[in-house]
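Visitor: Submitted below is the structure of interest, expressed as structure tokens.
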Amino acid sequence: MLGPDQLDSRAASDRYSLASDIVVVVVLTADEDLLQTLRDAVGLARRLWHVPTAEKVSDLLVAGEVGILLLDAEVLGAATEPFIVEIKRQFPDLVILLAGDRAAETALAGLISSGTIYRYIHQPLSPGRARSFMPLALRRTV
């Protein structure tokens, strides 16, 4: 029989083991600083998967419970817009965040203003900014 302290501990761990509470964050980037800032902002309660290629992003989307996709425009280059349009067509409820510079923001302004891209993140990303927008993106997945 479990004691009261063990029950409290077990209840806390069960809270994050429910399938409905698991939101996977997939990040396509080559920027280690961006990746670490996102890991810190997401915390241990959520799974964050770093993927090196667009093909791996597609594999994870098809296979799993991905709720948030963060793409680095520098990695995708000219393929950024068609890639986002196709992903959003296949997964309309997916929350897409895009990181990049001013030129990428200007080039993708239509997707940003239409809401296809939930948030545009200017690089370099500060920890404070990551901590402010990640909880909002996580809530949007529920």
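Visitor: For the stretch 76-87, take each phi angle, set θ = phi - 60°, evaluate the Karplus expression 6.51 cos²θ - 1.76 cosθ + 1.60, and give the result in whole Hz per residue in order, putting x for glycine and proline.
Guide: Once rounded to whole Hz, the list reads 7, x, 5, 7, 4, 5, x, 5, 5, 4, 5, 4.
Visitor: Continuing with the same structure: If I model a spin label at residue 112 and residue 62 as a point 7 Å from the Cα along the Cα→Cβ vector, what separation in nanometres do I get?
Guide: According to this spin-label approximation, the distance is 3.2 nm.
Visitor: Could you check the spin-label model distance between residue 54 and residue 32? Points 7 Å from the Cα along Cα→Cβ, value in nm.
Guide: For residue 54 paired with residue 32, the spin-label model returns 2.6 nm.
All of the numbers you see were taken from the coordinates with simple rules; none came from a lab. Because the structure is predicted, anything quoted here is derived from the model rather than measured. Here the Cβ is made from the backbone with ideal geometry for all residues, glycine too, and neighbour counts use every protein chain on show.
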